[in-house]
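The values are calculated or read from the model by the stated rules, or taken from the named source; none is laboratory data. None of the values given here were measured: they were computed from a predicted structure. Cβ: placed from backbone, ideal geometry, glycine included. Neighbour counts: every protein chain shown. All accessible areas refer to the heavy atoms of the entire protein, side chains included, with ligands and DNA or RNA removed. Shrake-Rupley method; radii C 1.70, N 1.55, O 1.52, S 1.80 Å.
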Amino acid sequence: IPAANGTITVNMSKAPGTPIGYLNALVITEVYDDGTAPAMPKSLTAQVITGQGVRLNWQDAAYNETGYEVYRAVNEAGPYSLVGTTNPNTVTYLDNTISGNTQYYYKLRAFNSYGNSDYTDAVTVTTANRVPALTAIPDVQMKNNQSATVNITALDDATDQVTLTVTGLPSFATFTDNGNGTGVISINPNAGTLGIFPGVTVTAKDNND
């Protein structure tokens, strides 16, 4: 255990006539606290990982960081917003809060109780457009004296305008596009209607796909 001034005293002894003793290993299990802010991380890179987000990688140049702060902006000049923090000795971060078809800028800095490192230079990536995805639409079974509605929902980035279209509907069914990525198929068969009506196709299109 170190003394109050940080020194460690090792007492050794040997029996008479034996070779001299020696210390062949010393393991320090505590990080030395020198009261300084951490060093700036190095070599920040950013890569778009399809279906996951933007992955950042860097070199851990500090020995005394509490963690790293990840900042993001849509303009190189900012403003930058904090999107996440990491544990110490981390060299990667996945940002899964991105939108499609957007250029992002990232900066990084280390921090501890004494302060923050400088920010890294900004790195930039452009994400691909997110293709709208339709939620599963089940088959409909009903009697000819019943009516039914089928709700349609397409998931996309909030900034995209999604248009829904439906083809192949039988004459007793109609479709309404609500204009917000949702729509409704209304089914009202006539008396005596009987049969199977396949081939109904629902398509979701945004600004790009």
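Note on the chain: with a GNM built from Cα contacts shorter than 10 Å, the maximum mean-square fluctuation among P189, P198, P16 falls on P16. Scan the chain and report its longest stretch carrying no trypsin sites (Lys or Arg not before Pro) that are both in a DSSP loop and have at most 15 other Cβ atoms within 10 Å. It runs 15-142. Which shape class applies to the stretch 91-209: rounded if a/c is under 1.5, otherwise prolate when a/b exceeds b/c and oblate if not, where a ≥ b ≥ c are the square roots of the Cα gyration tensor eigenvalues? Cα axes put the stretch 91-209 in the prolate bin. Orientation-averaged projection of the chain equals 22.5 nm² [convex hull of Cα atoms, one quarter of hull surface area]. Shown is the FRET efficiency for N178 and T126, computed with R0 = 25 Å from the Cβ-Cβ distance and rounded to the nearest 0.05: 0.25. Less than 15 Å Cβ to Cβ from S117, Lys/Arg counted +1 and Asp/Glu -1: what total charge do the surrounding residues give? Result for the neighbourhood of S117: -3. Excluding same-chain neighbours fewer than eight residues apart, the aspartates and glutamates reachable from K205 by a Cα-Cα span under 16 Å are D156, D157, D160, D177.
The alpha-carbon of K107 sits under 13 angstrom from the alpha-carbons of these aspartates and glutamates, leaving out residues fewer than 8 places away in its chain: E69, E76, D95, D118, D121. Carbon and sulfur together cover what percent of the accessible area of the chain at a 1.4 Å probe radius? Summing carbon and sulfur atoms, their accessible area is 51 percent of the total for the chain. The modelled label-to-label distance between N151 and D139, using points 7 Å beyond Cα along the C-beta direction, is 2.3 nm.
Overall shape: prolate for the stretch 153-209, with the ratio a/c of the largest to smallest alpha carbon gyration tensor axis at 1.5 or above and a/b above b/c. At a probe radius of 1.4 angstrom, the accessible area of the stretch 71-209 per residue rounds to 61 square angstrom.
Counting only protein heavy atoms and a 1.4 Å probe, the stretch 1-52 has 90 square angstrom of accessible area per residue.
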